[in-house]
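To keep things clear, I will list the structure first and then write my remarks on it.
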Amino acid sequence: MTLAVNITNCPNHCPGCHSPHLQEDIGETLDAQTMDTILERYGRSVTCVCLMGGDATPDQVQQLADHIRKTSPLKVAWYSGKQAVPDNFQHFDYVKVGPYKAEFGSLKEKTTNQRLLKNVDGQPLDITDKFWKK
Ligand code: SF4
């Protein structure tokens, strides 16, 4: 099971954005201390933490991923809305890339433009088809 944590202040402005509130700069600061508090509560029920957003501050997303991977056995995924594989890819176990385009559907649709990449020895392996409805 995966714990999803939304990061606001999204800079991507995808037309037809599925979560417009995430474009606002709202909520609590998500630092290592806040993450520890979240994981004290939910960390034993999950195997992965998914950081959703954060394209405005990729260095801070990386720092969070480093912290989680250093202090817990949990895997870390990052859902970026950028098209390109991020430079800091190796700091994550999984990275989703690609902006949301309503006409192509979400990651669960075979028509999606988005890609889910697994970090295999530092190289991205496309595992998007594992999300498609059978
Ligand atoms: S990346 Fe997600 S939250 Fe950001 S604008 Fe696009 S759909 Fe909305």
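Each reported figure results from applying straightforward, stated rules to the coordinates on display, with no laboratory input. Please read all numbers here as calculations on a predicted model, not as lab measurements. Quick reminder, even Gly has a Cβ in these numbers, built from the backbone with ideal geometry, and neighbours come from all protein chains shown.
Couple of notes before you dig in:
- The magnitude of the dipole of region 1-114, with charges of +1 and -1 set on the Cβ of Lys/Arg and Asp/Glu and taken from the Cα centre, is near 520 debye.
- For PRO11, neighbours were defined as the other residues whose beta-carbon sits under 12 Å from its Cβ, and their charges (Lys and Arg +1, Asp and Glu -1) total -2.
- Each Lys or Arg adds one and each Asp or Glu takes one away; over the other residues whose Cβ falls under 11 Å from the Cβ of ALA77, this sums to +2.
- Ranking of VAL46, VAL95 by neighbouring Cβ atoms within 10 Å, starting from the fewest: VAL46, VAL95.
- Spatial separation of Cα centroids for region 7-52 and region 114-134, in angstrom: 21 Å
- Prolate/oblate/rounded call for region 2-131, Cα gyration tensor, a/c under 1.5 rounded: oblate
- The DSSP beta bridges internal to the chain are antiparallel in roughly 40% of cases.
- Chain lengthening between THR57 and GLN23 when straightened (0.36 nm per residue, less Cα-Cα): 10.9 nm
- Using the Cβ of ASP59 as centre and a radius below 15 Å, the other residues enclosed give a net charge of -3, where K and R count +1 and D and E count -1.
- Each of THR57, GLN83, GLN114 was placed along the dipole of region 36-134 (beta-carbon charges, centred on the mean Cα), and the one lying farthest toward the positive end is GLN114.
- Going by neighbour counts of Cβ atoms within 10 Å, the residues ASP55, ASP121 line up, fewest first, as ASP121, ASP55.
- Neighbour counts of other Cβ atoms within 10 Å put SER19, SER45 in the fewest-to-most order SER45, SER19.
- Scattering profile of region 54-123 at q = 0.19, 0.21 Å⁻¹ [log10 I(q)/I(0), Debye over alpha-carbon scatterers]: -0.75, -0.88
- Legend: distances between Cα atoms for LYS70/LYS130; LYS75/LYS108; LYS70/LYS108; LYS75/LYS130; LYS75/LYS110; LYS96/LYS133; pairs beyond 23 Å are LYS70/LYS130; LYS70/LYS108; LYS75/LYS110.
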